[in-house]
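Novice: Sharing a structure here in structure tokens format.
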Number of protein chains: 2
Amino acid sequence: MTRILISEVGPRDGLQSIDRVMPLAAKQAWIAAEAAAGVREIEVGSLVPAALLPQMADTEALIALARTIPGLTVTVLVPNRRGAERAIRAGTHKLSMPFSMSETHSLKNVRKDHAAVLAEIAAVAALVADQPAETRPYFEVGLATAFGCTIEGPVSEDAVERLAVATLEAGAAEVGLSDTTGYADPAAVRRLVRRVRRAVGDDRLNTLHLHNTRGLGLANVVAGLEEGITTFDASLGGLGGCPWAPGASGNIVTEDLAFMLAAMGCDTGIDLPALLAVRSIVADALPGEPLYGFTPDAGLPLGFAA
Amino acid sequence: MTRILISEVGPRDGLQSIDRVMPLAAKQAWIAAEAAAGVREIEVGSLVPAALLPQMADTEALIALARTIPGLTVTVLVPNRRGAERAIRAGTHKLSMPFSMSETHSLKNVRKDHAAVLAEIAAVAALVADQPAETRPYFEVGLATAFGCTIEGPVSEDAVERLAVATLEAGAAEVGLSDTTGYADPAAVRRLVRRVRRAVGDDRLNTLHLHNTRGLGLANVVAGLEEGITTFDASLGGLGGCPWAPGASGNIVTEDLAFMLAAMGCDTGIDLPALLAVRSIVADALPGEPLYGFTPDAGLPLGFAA
């Protein structure tokens with residue numbers, strides 16, 4: 001039975017794209033319930049300046065709370081070394097730093113060109129290396145807009161391969177491929193995963209961050225699975241998107257992904273009815289906010305044993 | 001470049017699940033526009049008694065109109081020999097007859113057990129064989145509820161294999177696999193396609209009819225493509241379902257499927273902007289009816305060349 005990790009990114013990627021601020025207690029209840037349903041990794045927030053994203057202002061408090069949940073890997077998005085310092089001080093297990101393959105998107109998003117982002121990755125890597133082994137976080141870089149950019153259009157696979165190599169040379173432990181804009185298709189996923197893995201080694205690329213912008217999210221997961229990818233980001237109720245990439249909304253839906261993987265005989269460790277029940281926590285905390293997903297409406301198939 | 005046929009089933013599977021009757025002129029405009037966008041096969045209706053499905057009462061008139069569109073294969077659903085007679089008289093190119101793998105569903109749907117449906121298939125096949133070669137329709141049987149049934153639950157793959165063989169022995173030219181209930185997953189699709197093809201020969205199973213009930217529709221297409229399937233049914237705007245299988249609604253969306261296949265480099269012959277424009281015909285004819293699909297909202301990726 002293939003063991004697959006679903007990494008919940010809703011409290012970060014979902015909530016950052018919604019104007020309203022979810023109260024800390026609701027975030028905590030969401031994370032606790034999802035962990036209790038068997039989700040083993042959750043990206044709880046983003047350590048950017050609170051003035052930029054007030055929705056993420058309580059991230060350090062949330063890390064402290066989430067850390068107490070046994071067996072849960074607490075991940076946080078950090079844009080730079082300053083964010084990484086805060087994340088480490090708060091006790092985060094895993095740092096995720098975005099690196100946009102579209103230089104235009106990178107300049108718009110974090111006002112840094114590729115060279116500047118690579119320098120920042122090296123700075124974060126040095127900081128991580130300085131930590132004592134028992135509290136040293138894992139440091140992953142998400143290669144954003146890896147399948148295309150809403151500003152630049154197509155992104156060259158040559159560039160993604162080269163920048164993936166440079167990211168690891170700069171000291172990241174791992175790279176992931178992010179379809180920030182919902183431009184990926186199953187053939188592109190297979191091609192790019194294969195290509196980057198050939199360049200960096202299979203163990204340095206394990207994660208896909210996919211959006212469902214054009215409805216192809218789970219189809220792209222199938223392609224990733226067949227290439228040996230073992231971690232998929234997803235967002236409960238499909239909350240989320242990228243506020244700086246116009247028209248790029250909608251993470252793949254955790255509930256539909258968990259159902260698909262269970263149906264395919266993969267072991268995600270997730271209790272599906274318990275996962276589906278988490279939805280009401282998010283719905284109650286964000287009344288009127290659209291939640292996506294087909295499995296929650298249709299229910300599990302008759303006689304389905306996960 | 002792999003050539004893939006998208007078979008539009010919205011005028012049949014979509015409209016039969018909606019209470020309102022779409023006027024003949026609107027159906028005609030829809031079919032003409034979709035054919036002009038490059039769709040090469042359309043299931044225009046169902047030849048069941050008009051008292052049962054008033055939405056399909058104009059099917060014979062529609063066949064006569066659709067037949068005049070150059071290059072279009074006009075398909076019709078027939079439940080029995082009586083329907084097949086009407087379809088042939090009207091000049092249909094292809095007959096599609098459903099055969100439910102769940103005997104309970106079959107009894108509820110057409111009041112026939114498996115033996116009775118096989119006898120009906122033999123009767124239709126004999127009728128087809130009697131036609132002069134130049135007007136003889138192609139006769140395909142869709143193995144409904146092949147991946148599970150909302151009444152019986154799981155459906156045995158042994159039974160599907162056995163009934164597929166029996167269907168071809170009874171004289172059908174081809175079988176298709178239908179996920180009437182949205183129970184399929186990519187692993188099940190691969191397993192069942194492989195198994196049935198091993199039993200009947202690759203050239204006797206080319207079609208998958210998938211629903212998006214749990215959001216896995218396009219993921220299941222990827223699995224089918226990899227097993228060599230070359231025809232996928234889909235419905236514009238995801239209209240449709242099976243009125244006799246509770247909770248089983250939503251064909252895969254033609255627009256999203258066409259985008260995915262184009263992105264993957266398959267040749268469907270479809271002009272995507274022209275296909276997306278067809279949506280307004282359906283929306284105008286069925287005001288308030290929900291239309292599904294992600295690509296229509298998101299638009300095509302920047303710089304996307306189909």
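Nothing in this text is a laboratory measurement; each read-out follows from the coordinates by a stated rule. As the structure is a computational prediction, the values presented were derived from the model and not from experiment. Here the Cβ positions follow ideal geometry from the backbone for every residue, glycine too, while neighbour counts run over all protein chains shown.
Novice: Averaged over peptide B:178-190, how many Cβ atoms belonging to another chain are found within 10 Å of each residue's Cβ?
Specialist: Counting Cβ atoms of other protein chains within 10 Å of each residue's Cβ and averaging gives 4.
Novice: So how compact is region B:5-298: Cα radius of gyration and Dmax in angstrom?
Specialist: In order Rg, Dmax, the Cα atoms of region B:5-298 give 17.4, 50 Å.
Novice: Between copies, how far does the label point of B:ARG194 sit from its twins, in nm, shortest first, when each point is 7 Å from Cα along Cα→Cβ?
Specialist: Distances between equivalent label points, in nm: 1.9.
Novice: Specify the inter-centroid distance of region A:4-18 and region B:173-223, based on alpha-carbon positions, in whole Å.
Specialist: For region A:4-18 versus region B:173-223, the Cα centre distance is 32 Å.
Novice: For region B:1-116, treating each Cα as an identical point scatterer without solvent, what Debye log10 I(q)/I(0) comes out at q = 0.16, 0.17, 0.23 1/Å?
Specialist: -0.74, -0.83, -1.31
Novice: Still on this structure, I have one more. Starting with the fewest neighbours, write out B:MET260, B:MET56 ranked by other beta-carbon atoms found within 10 Å of each beta-carbon.
Specialist: B:MET56, B:MET260
Novice: What number, in percent, do you get for the relative contact order of region B:177-306 if the mean sequence gap of Cα pairs under 8 Å and at least 6 apart is divided by its residue count?
Specialist: Taking the mean separation of contacting Cα pairs over the length of region B:177-306, I get 22 percent.
Novice: Take every DSSP beta bridge whose two residues both sit in chain A, then give the antiparallel share in percent to the nearest 5.
Specialist: 10 percent
Novice: Here's a follow-up. Cα to Cα, under 22 Å, and not fewer than 8 places away if on the same chain: which lysines meet these conditions relative to A:LYS94?
Specialist: Filter leaves A:LYS27.
Novice: Could you calculate, for region B:170-306, the ratio of the Cα radius of gyration to the Kirkwood radius, expressed as Rg to Rh?
Specialist: Radius of gyration relative to Kirkwood radius: 0.99.
Novice: Could you tell me what percent of the DSSP beta bridges with both partners in the protein assembly as shown are antiparallel, to the nearest 5?
Specialist: 10 percent
Novice: Could you list B:THR295, A:THR59 in order of exposure, starting from the residue whose Cβ has the fewest other Cβ atoms within 10 Å?
Specialist: Exposure proxy ranking, most exposed first: B:THR295, A:THR59.
Novice: Work out, in µm²/s and without decimals, the Stokes-Einstein translational diffusion coefficient of the protein assembly as shown at 10 °C, 1.306 mPa s, Rh from Kirkwood over C-alpha pairs.
Specialist: Approximately 63 µm²/s, per Stokes-Einstein.
Novice: What are the label-to-label distances in nm, one decimal and shortest first, from A:GLY269 to the same spot in the other copies, with labels 7 Å along Cα to Cβ?
Specialist: Sorted ascending, the copy-to-copy spacings read 5.0 nm.
Novice: Could you put A:GLU152, A:GLU255 in order, starting from the residue whose Cβ has the fewest other Cβ atoms within 10 Å?
Specialist: A:GLU152, A:GLU255
Novice: A follow-up question, please. Using alpha carbons only, how many angstrom separate the centre of region A:123-141 from the centre of region B:87-157?
Specialist: First find each Cα centre; the distance between them is then 63 Å.
Novice: Place a label point 7 angstrom from the Cα of A:ALA126 along the Cα-to-Cβ direction, then list the residues of region A:86-101 whose backbone nitrogen is under 19 Å away.
Specialist: Under cut-off, by backbone N: A:86-89, A:97.
Novice: Here's something else I'd like to know. What is the Cα radius of gyration of region A:257-306 over 2.2 N^0.38 Å, N being its residue count?
Specialist: Against the empirical 2.2 N^0.38 Å value, I get 1.24 for region A:257-306.
Novice: Follow-up. If you take each beta carbon of peptide B:223-232 and count the beta carbons of other chains within 10 angstrom, what is the mean?
Specialist: 1
Novice: A further question follows. I need the Kirkwood Rh of region A:122-220: take the reciprocal of the average 1/r across all distinct C-alpha pairs and report it in angstrom.
Specialist: With all distinct Cα pairs of region A:122-220 included, I get 14.1 Å.
Novice: For B:PRO49, which inter-copy label distances result when the label point lies 7 Å beyond Cα on the Cα-to-Cβ vector, reported in nm to one decimal and in ascending order?
Specialist: In ascending order, 7.5 nm.
Novice: Additional query: Can you give the longest stretch of chain A with no exposed loop site, where a site means trypsin sites (Lys or Arg not before Pro) in a DSSP loop (not H, G, I, E or B) with at most 13 other C-beta atoms within 10 Å?
Specialist: In chain A, the maximal stretch lacking such sites is A:112-306.
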